[in-house]
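All remarks here apply to the structure that follows.
The values are calculated or read from the model by the stated rules, or taken from the named source; none is laboratory data. A quick note: this is a predicted structure, and the numbers were derived from the prediction, not measured. Cβ atoms come from the backbone with ideal geometry, glycine included; neighbour counts cover every protein chain shown.
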Amino acid sequence: MEDLIKTIAAACKELFGVDVVPELTRVEEKFGDFATNVALQLSKQLAKNPRVIAEELVGKITSDSILKTEVAGPGFINIFLTDQALLASVGRPNLKSLAGKVVVAEYSDPNPFKVLHAGHLYTTLVGDVIANLLEVAGADVKRVNFGGDVGLHVAKAMWAILKAIGDENPNEFLNKIDENNRAVWISERYVEGNTSYENDESSKTEIIDINQKIYALHANNEHDSDFAHVYWTCRQWSYEGFEKLYVDLGVHPFTKYYPESDTTPLGLESVSKLLDEGVLEKSDGAVIYRGEKDGLYTQVFLNSKGLPTYSAKDLGLALRKWQDYHFDKSIVITANDIEQYMKIVLKVVSSLAPEIAERSTHITHGLIKLTGGEKMSSRKGNVLLAQDVLSAASEANNKATGKEDNEVVVGAVKYAFLKNRIGGDMTYDPAESVSLEGNSGPYLQYAHARACSILRKKEVPSGLPENLEAGERSLVLKISEFSEVVDNAVQELMPHHICTYLYELAQVFNRFYEHNRVIDDPRETTRLQLVNAYTETLQKGLSLLNISAPERM
């Protein structure tokens with residue numbers, strides 16, 4: 001594609017003496033392999049009818065790769081490649097547009113003392129694939145995770161945990177909690193604590209005191225008291241629960257985990273500095289940022305008791321990531337309900353280190369629901385858990401196939417989340433996600449297994465064919481799109497482009513296989529080579545999505 005763009009640009013320079021970067025797009029196969037609107041791009045500059053420009057250009061747009069060119073419509077130029085040029089584009093490596101760049105990708109971000117909900121599941125799966133795309137583009141990617149191990153939500157959980165323990169020995173009590181249920185047990189205590197905080201003033205006062213005690217525990221690095229033992233034990237249980245889910249999901253390990261307790265000191269130091277510089281100001285004992293002057297809203301960084309809010313901790317996080325990696329790009333993936341909040345954080349960060357804000361990209365997504373589900377609220381306990389989504393998929397798969405298959409279930413959930421453009425709300429349909437028909441993960445896994453079954457019948461000759469029949473050419477044309485699709489997904493940070501392409505590729509292959517016999521056909525060698533190229537492309541695409549490509553199903 002790059003060579004074709006250069007050929008068109010050279011023809012424009014030769015004929016009209018102008019420099020232009022031609023736009024090139026794929027078109028329906030009957031119209032050609034590519035089309036350019038370069039004549040329309042030049043029309044105003046040259047003060048000529050675009051069709052006239054196109055008719056002059058077609059005779060100059062020539063190379064060994066081009067079979068023919070045709071003028072269409074008001075001035076489009078359709079381009080047909082030779083079979084050899086088309087085949088040469090199969091397996092072409094992707095552009096290393098981020099080679100030598102350090103990119104920090106922050107996603108998942110679950111809070112200890114709570115359990116991962118469906119939103120965390122979404123950012124975990126999507127974030128890991130975005131990190132894959134960045135790596136394909138040559139970046140040195142640092143996968144990082146951030147979570148609140150201090151703050152009011154921890155105090156609420158700790159209050160309920162301590163109430164549950166009562167006068168019992170903490171060790172003896174905690175040892176009774178089922179190892180497989182620890183993370184859920186802690187999150188249930190959080191719901192209890194939050195309910196009491198909202199409905200009982202004496203409990204609220206106790207929770208506020210516990211909150212200060214937790215900050216003091218970190219400041220003093222306290223580990224010996226019963227309170228400290230309960231806190232550190234339950235925090236570790238949360239981390240173990242997170243790690244178990246990550247392993248079950250088959251996502252990449254994180255480079256670094258930033259607890260809020262680690263980012264708070266730098267956040268407090270920065271708040272003090274910004275207060276002295278007048279970026280932040282005091283108001284009723286709190287420290288705030290008045291964002292209205294920047295089209296934002298007022299945000300509290302320190303509350304009236306001198307404790308940091310999420311804003312101060314996120315300020316510290318941004319600075320810590322910069323200190324650790326001096327990144328070329330930082331990507332943060334969260335739900336869209338904090339979009340304005342993140343603008344405030346980055347605006348304040350820019351007062352200390354403008355390069356951080358300039359190099360940061362905030363990607364947001366909507367709510368995740370099950371079919372017929374309600375809006376999530378972890379505070380009220382009616383949250384849609386990550387495990388709820390996986391269990392619903394497993395149940396739907398058992399109902400459809402009568403068997404347990406974690407490989408299919410996890411692939412189904414991943415693909416269902418990834419195939420939609422990031423941004424809007426998403427309703428997850430378990431039955432649809434595990435179906436072997438339609439645009440689903442299992443459909444693509446089966447498509448790969450089916451192609452592998454063909455390849456097992458005969459030894460596949462090395463290389464690619466020299467000439468193509470019509471049906472073969474259609475398949476090669478689709479395979480040749482892969483690197484362009486990946487490059488586009490990298491540029492937009494949108495994994496759904498990969499999903500759409502793989503589904504279309506599988507459909508093209510199905511049509512090819514329906515009308516073109518492979519085994520024991522006079523063109524067996526050619527077609528085995530094409531089936532192999534298709535299988536490799538499908539596997540590469542699924543790998544980018546972190547979905548397994550089974551050889552048998």
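Filtered by the rule that a residue be touching a Gly at 6+ places or on another chain (Cβ under 8 Å) and either assigned to a loop (DSSP other than H, G, I, E, B) or among the charged types (D, E, K, R) (or both), the stretch 286-302 gives Tyr297, Thr298. Within the stretch 407-425, restricting attention to residues that are charged (D, E, K, R) and in a loop (DSSP other than H, G, I, E, B), the residue that is surrounded by the fewest Cβ atoms within 10 Å (Cβ to Cβ) is Asp425. Among the residues of the stretch 431-455, the ones that are surrounded by fewer than 24 Cβ atoms within 10 Å (Cβ to Cβ) and over 19 Å from Arg511 (Cα atoms) come to 3 in all. The condition of being of a type in the set (A, V, I, L, M, F, W, C), surrounded by fewer than 18 Cβ atoms within 10 Å (Cβ to Cβ) and assigned by TED's automatic domain parsing to the domain that holds Lys114 holds for only one of Leu275, Leu280, that being Leu275. Only residues that are surrounded by fewer than 20 Cβ atoms within 10 Å (Cβ to Cβ) and either on the phi > 0 side of the Ramachandran plot or without any contact (Cβ under 8 Å) to a residue 12 or more places away in the chain (or both) were counted across the stretch 145-162, and they come to 0. Note on the stretch 151-248: enclosed helices (runs of 4 or more DSSP H) holding 2 or more residues that are of a type in the set (D, E, K, R) and at pLDDT 95 or above are 152-165, 182-199, 201-219.
Do the conditions hold for Gln45, that is, is it over 26 Å from Leu464 (Cβ atoms), at pLDDT below 95 and not β-branched (Val, Ile, Thr)? Criteria met by Gln45.
Among residues of the stretch 119-144 that are among the polar types (S, T, N, Q), those with a beta-carbon under 6 Å from a residue that is in a helix (DSSP H, G or I) at least six positions away or on a different chain give the pairs Asn132/Leu544.
Evaluating Glu243 against the criteria (1) in contact (Cβ under 8 Å) with a residue 24 or more places away in the chain; (2) outside the structural domain of Asp324 (by TED's automatic domain parsing) leaves one unmet condition, (1).
Taken residue by residue, the stretch 118-141 has at least one member that is crowded, with 20+ Cβ neighbours inside 10 Å, in a strand (DSSP E or B) and modelled with pLDDT of 95 or more. Please verify whether Leu530 is touching a Pro at 6+ places or on another chain (Cβ under 9 Å), in contact (Cβ under 8 Å) with a residue 12 or more places away in the chain and not assigned by TED's automatic domain parsing to the domain that holds Leu134, treating the condition exactly as stated. Criteria met by Leu530.
Within the stretch 15-58, the set of residues being among the charged types (D, E, K, R) and closer than 26 Å to Thr82 by Cα comprises Glu23, Arg26, Glu28, Glu29, Lys30, Asp33, Arg51, Glu55, Glu56. Just so you know, in the stretch 270-286 the residues that are touching a helix residue (DSSP H, G or I) at 6+ places or on another chain (Cβ under 8 Å) and not hydroxyl-bearing (Ser, Thr, Tyr) include one that is nearest to Leu545 (Cα to Cα), and it is Val271.
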